[in-house]
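What follows is a single structure, written as structure tokens, with notes after it.
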Amino acid sequence: MDCLTIPDAARSLPYNRGMSHLDILLPFGLPPAEIAGDVLRELKTPALASLVARTNAHRREEFDALSRALPHETWLARQFGLEESMRKRGSPPVAAAILRAYGLTADAGSWFLLHPVHLQLARDHVLLIDQRQLSLSEQESRALFDAAKPLFDEIGKPLLYGDARTWFVRADNWDDLCTATADAAAGRNIAMWLPQGSAERDWRKLQNEIQMHWHTHPVNEKREHRGEKPVNSVWLWGGAAATADTPPVRYSELFNLPGWTNALGRSSSAPVKNGTASDIIAAAPKHGLTVLDQLIEPALAGEWSEWIDRLHALESAWLAPIADALKTGKISQVSLVMTHGTDLAEFITGRYSSKKFWVKPSLSRLAR
């Protein structure tokens, strides 16, 4: 049985092969429907308005509100050949690839990502707080890791340290657990997003034991004394077999890939880190991909003033120079993919369509 229902992969919009084509993924670039009108009126983004209005083609796609991965995560999974496996696992099966990217060994078994997180008690439910809001030092994380590791050792589940936010656990008999990404569950009642499967009770028992061990841990006592959120739980997702083949990357060039996509991109020719719009334009990628993820944090927090400020910064640093590169032919086509919680919109703009002066730049297509 499928772990979740995700839409069949929508047919990609056509682009001219043999020309320079760039996919830009802008997670949470779409404002939520209930405030779209107010938000769009505040935006001063002529380049974005041109890319959205003067298109060769565009499409919309809706996602299940209970999907265990966000629309942009599912879209990325498609690009890296992982969507079908998500029907069983819920979240993208990326733990083994990320583990190897940290220089750790994963030759056998099933591995999961494990994040130290803060769970917030509401009146009648528990919320997962976005991990980006949890400032956690390496020293603090190491101390909490050391406190939790014996609990994993007792049940024969090796626990490995990646960095302050990212740990790994091998759990071969948890292979059927259907999990949710941390971003998909962020800000929501975790009851709907906890791992599901034959081993879910075993996981929840272990999770509860970790929470009890950390409740009075000196790290959390000091954090609370400083007015910081305690690190009071862990989030499990991304289960993957260590021996699973890494699907071939469909892109010829990769720029600024964040998180798990960066780990997958290592199987391609060396991805570019910290590249600028000028770097991408100069590269004239045959079929490139860049991810601009600066809007995720304010969107998950509902901080729409900050979201507007960050989109204005993206307009200046990225969208305006790329729109200019389209008009001058330095890039032949741009596919702009924008998402929100349950929605995805794709806009393909070519050199000639970008010059449709009779089409007024407009953001109206961003609203439902």
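Readers should treat all values here as calculations from the given coordinates under stated rules, not as data from a laboratory. Worth saying up front: this structure is predicted, and the values here are computed from it rather than measured. All Cβ positions, glycine included, derive from the backbone under ideal geometry; neighbour counts span all protein chains shown.
Some points to look at:
- As a rough footprinting exposure proxy, the listed residues Ser252, Ser50, Ser198, Ser332 were ranked by other beta carbons within 10 Å of their own, and the order from fewest upward is Ser198, Ser252, Ser332, Ser50.
- Taking the helices alone, the chain has a mean residue ellipticity at 222 nm of -9500 deg cm²/dmol, built from -39,500 (n - 2.57) per DSSP H run of at least 4 residues and averaged over all its residues.
- 5 Å binning of all Cα-Cα separations within segment 19-143, expressed as whole percents from 0 upward: 2, 7, 10, 14, 17, 16, 14, 11, 6, 3, 0, 0
- Inter-label distance, Ser316 to Glu138: 3.3 nm, where each label sits 7 Å from its Cα along the C-beta direction.
- Nearest-ten-degree value, helix 200-215 long axis tilted from longest Cα axis of the chain: 80 degrees
- Helix 304-314 vs. the chain, principal-axis angle (Cα, 0 to 90°, nearest 10): 60 degrees
- Gain upon complete extension [Thr243, His125; 0.36 nm per residue less C-alpha separation]: 38.7 nm
- Ranking Val272, Ser354, Leu236 by Cα position along the charge dipole of the chain, where only Lys, Arg, Asp and Glu carry charges on their C-beta atoms, puts Ser354 farthest toward the positive end.
- Remark: for residue pairs Lys286/Lys327; Lys330/Lys355; Lys286/Lys355, the C-alpha separation exceeds 20 Å in Lys286/Lys355.
- Antiparallel content of DSSP bridges confined to the chain, in %, to 5: 65 percent
- For segment 85-241, the Rg and Dmax computed from alpha carbons only, in angstrom: 14.8, 45
- Sorted fewest first by neighbouring Cβ atoms within 10 angstrom, Leu104, Leu336, Leu300 come out as Leu104, Leu300, Leu336.
- Convex hull projection area averaged over all views, the chain, Cα basis, nm²: 18.6 nm²
- Cα-based reach from Lys149 at 27 Å (exclusive), listing lysines while leaving out same-chain residues under 8 positions away: Lys157, Lys205, Lys222, Lys229
- Going by neighbour counts of Cβ atoms within 10 Å, the residues Phe255, Phe63 line up, fewest first, as Phe63, Phe255.
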